[in-house]
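First comes the structure, then the notes that go with it.
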Amino acid sequence: MTMRQFLLTFLLLLPCCLMAQVKIECPDSVDADSAFRISFIIQDSVQNFKLGDSKGIKKLAGPYYSSHSSFSVIGGKTISEFQTIISFKLKVSKIGKCTINPSTYYLSSGKKYTTPQLSFWAVNGAKLAKSRKERSLNDLATDFILTKSKEITAVESKINKKLIHLGDSLELTFQLYTNEDITSISKNKPDVDFCITELQQVGTDSMISATYKGNPVSTATILICKIIPLKTGMFHIPSLKFEAIKLERNKDIDPFEAILNPSSCYEEKKITLTSNALSFTVIK
C-alpha cells in the first residue's frame with residue numbers, strides 16, 4: 001500500500017465523516033495516452049454507486065462490481081468478512097492536475113455515503129519515452145492500429161492434494177491468467193454429489209505479475225473452495241465455465257477517429273473461459 005492509499009483509507013475511517021470503511025486505489029499519476037483503472041473497495045454490500053463528476057476525464061467502462069468474502073474460525077467462533085469492489089476504466093484528455101469530485105453510494109442498510117475528492121496528475125508518458133521529441137500525426141495513428149502479438153486469458157484449477165483419507169479435506173483453487181483487460185468474471189463453484197463444497201474465498205481484483213506457458217501475464221485468484229469427500233474411491237472434478245468481460249481495442253476504427261475520440265477505441269466483449277478437469281483419490 002502506498003502512502004497515498006494509506007492516507008485515503010485513514011481519512012475515510014474518521015468517525016466525523018459520513019463514510020463507510022473504504023479504500024480507494026487510484027494512481028498518483030497517469031499517462032495521458034493510456035487508459036487506467038480506479039477502484040473503490042468497501043467493507044459491505046454496495047448499491048447504486050455513482051462516480052463523481054470530473055473535467056477532462058472520459059469514462060471508458062464501468063462501474064464493474066465484484067465481491068470478496070472470507071470465513072475464519074477463531075476460538076470456536078465463525079467470523080465472516082465481505083467487501084465490494086467497484087472499478088472504472090478511465091482516460092484523461094488533458095495534461096496536468098485532474099480531479100474527480102466525491103462519489104456517492106448506498107449500503108445494504110439503505111444509508112447514503114460519500115467518498116472524498118480524488119486528485120492526480122496526467123503526464124505525457126509517450127512523449128517522455130521518445131526523449132521529448134515531437135510526435136507526428138502518423139506516429140499517433142500507428143499506435144492505435146498496433147496489436148499485441150499474442151492474447152492470453154485462461155483459468156487454471158488445481159488441488160493441494162491428490163490422495164487424502166476419508167474425513168480429511170482438500171483445497172480447490174481457480175486462478176486467472178491474462179495479458180488482456182478483464183473487467184469482470186463470474187464466480188462459480190463446482191456442483192458435485194460425492195463431496196461437500198464450501199466456498200472459502202470469492203475473487204479479488206489484486207493482480208500480480210506471473211508467467212503462463214512462458215509468456216508474461218498478470219494473475220489473480222478468483223475462487224477457493226474447500227472439498228470434503230463423503231466416501232472413498234477415485235473422483236473427478238469436471239471443467240468449470242466462467243463468463244468474463246474484457247475491454248479490447250476496436251481494430252476496425254479509423255486511426256484518425258481514434259485520435260479525436262479516444263473512448264471510441266474500446267469496446268466490451270463477452271468471453272467464456274473453461275478450467276481444466278481434476279481428479280483425486282480418497283482412502284480409509
Worksheet, complete the sentence: With all protein chains present and a 1.4 Å probe, the order of 219, 104, 232 from largest accessible area down is 232, 104, 219
Worksheet item: What accessible surface, in Å², does a 1.4 Å probe find on residue 150, ignoring ligands, DNA and RNA and rounding to the nearest 10?
Response: 110 Å²
Discussion item. Rolling a 1.4 angstrom probe over the protein chains, ignoring ligands and nucleic acids, what is the accessible area of residue 180 in square angstrom, nearest 10?
Written reply: 30 Å²
Discussion item. Just to be sure I understand the model, the point goes 7 Å from the Cα along the line to the Cβ. What's the resulting residue 241 to residue 101 distance in nm?
Written reply: 4.4 nm
Response to the item:
SASA check, residue 64, accessible area w/ 1.4 Å probe, all protein chains in place, rounded to nearest 10 Å², comes out at 30 Å²
Worksheet item: How far, in nm, would the chain grow between residue 29 and residue 272 when pulled straight, counting 0.36 nm per residue and subtracting the alpha carbon separation?
Response: 84.1 nm
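The values are calculated or read from the model by the stated rules, or taken from the named source; none is laboratory data. Here the structure is a predicted model, which is why all the values come from computation and not from measurement. Every residue, glycine as well, gets a Cβ built from its backbone with ideal geometry; the counts of neighbours run over all protein chains shown. Surface areas here come from the heavy atoms of the whole protein model, side chains and all, with no ligands, DNA or RNA. Shrake-Rupley method; radii C 1.70, N 1.55, O 1.52, S 1.80 Å.
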